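Note sheet for the following structure.
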Amino acid sequence: MRYKVGAEHMEHVPSLAHRPDGVFRVARTAPVGPTHAVDAATGAAACGIKTHGLDVLDQDWEEAFFVEKCPSCFTAVVTKS
């Protein structure tokens with residue numbers, strides 16, 4: 001994993017889990033809004049923003065299809081490849 005997901009905002013999202021005795025809700029957190037590519041080795045964002053306010057998740061940014069990606073990070077990651 002070269003880059004991790006760096007989220008500016010996180011939100012509690014209910015998800016449904018099915019059990020034999022019925023359906024119940026399990027809360028989880030998910031990134032909201034654009035996410036940044038945070039270098040796994042250095043901790044720096046590919047677009048150059050300060051990362052002290054980001055929640056860095058242990059998820060591969062390049063393979064994360066479920067998140068909105070920062071356009072500047074996307075360009076920086078593509079040009080480095």
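The values are calculated or read from the model by the stated rules, or taken from the named source; none is laboratory data. Remember, predicted model here, so these are calculated numbers, not experimental data. Methodologically, a virtual Cβ is constructed for each residue, glycine included, from the backbone with ideal geometry; neighbour enumeration extends over all protein chains shown. The area values use the complete protein model at the heavy-atom level, side chains included, leaving out ligands, DNA and RNA. Shrake-Rupley method; radii C 1.70, N 1.55, O 1.52, S 1.80 Å.
Details
- Taking each residue of segment 60-81 that is acidic (D, E) and looking for partners that are assigned to a helix (DSSP H, G or I) with beta-carbon atoms closer than 7 Å, six or more apart or interchain, yields E62/V77.
- Filtered by the rule that a residue be among the polar types (S, T, N, Q) and touching a strand residue (DSSP E or B) at 6+ places or on another chain (Cβ under 6 Å), segment 34-81 gives T35, T51, Q59.
- Candidates A46, A64, A41, A76, filtered to the one that is among the small types (G, A, S) and open to solvent by 70 Å² or more (accessible area, probe 1.4 Å): A41
- Test set (1) closer than 11 Å to A7 by Cβ; (2) at pLDDT 95 or above; (3) of a type in the set (S, T, N, Q) - T75 fails condition number: (1)
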